[in-house]
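The values are calculated or read from the model by the stated rules, or taken from the named source; none is laboratory data. What you see is a predicted model, and the numbers here were worked out from it, not measured in a lab. Note: ideal-geometry Cβ built from the backbone for every residue, glycine included; neighbour counts use all protein chains shown.
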C-alpha cells in the first residue's frame with residue numbers, strides 16, 4: 001500500500017502547485033464543459049457528414065470513426081435534433 005500513499009501524495013502536491021500557479025483549484029467540471037463548446041449548427045453539420053458517409057454505404061460506426069465522433073454521441077445528437085433513426089434513401093426505394 002506504500003505505492004498508493006506515494007501516488008496520493010504526488011497528486012496532492014501537483015494539485016497544490018496548480019492552485020498556486022493559476023489561483024484556481026483543479027475541478028473535474030472544467031474538463032467536462034466541452035459539450036457546450038459545440039453549437040447546434042455545428043452538431044447538425046456533423047450529423048450531415050455522418051449521414052452522407054452512411055448514404056455511400058458506410059456503417060454507422062465506421063462513419064463516426066471517420067468523422068471522429070463517438071457513435072453514441074451521433075445517435076444522441078440525431079435524437080435531440082428530432083431527426084429520429086437514420087434511414088438509407090437507397091434502401092427506402
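The table below gives the values:
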| item | result |
| --- | --- |
| Flag for residue 10 being assigned by TED's automatic domain parsing to the domain that holds residue 81, at pLDDT 85 or above and surrounded by 10 or more Cβ atoms within 10 Å (Cβ to Cβ) | no |
| Test for residue 69: is it out of contact with any strand residue (DSSP E or B) (no Cβ under 6 Å at 6 or more places or on another chain), surrounded by 12 or more Cβ atoms within 10 Å (Cβ to Cβ) and not in a helix (DSSP H, G or I) | yes |
| Identity of the residue in the range 44-59, in contact (Cβ under 8 Å) with a residue 24 or more places away in the chain and surrounded by fewer than 16 Cβ atoms within 10 Å (Cβ to Cβ), that ends up farthest from residue 87 (Cα to Cα) | 44 |
| Single residue of 36, 91 found to be loosely packed, with under 12 Cβ neighbours inside 10 Å, at pLDDT below 90, within 12 Å of the chain's Cα centre (by Cα) and part of a helix (DSSP H, G or I) | 36 |
| Tally, over the range 49-65, of residues that are outside any helix (DSSP H, G or I) and at negative phi | 3 |
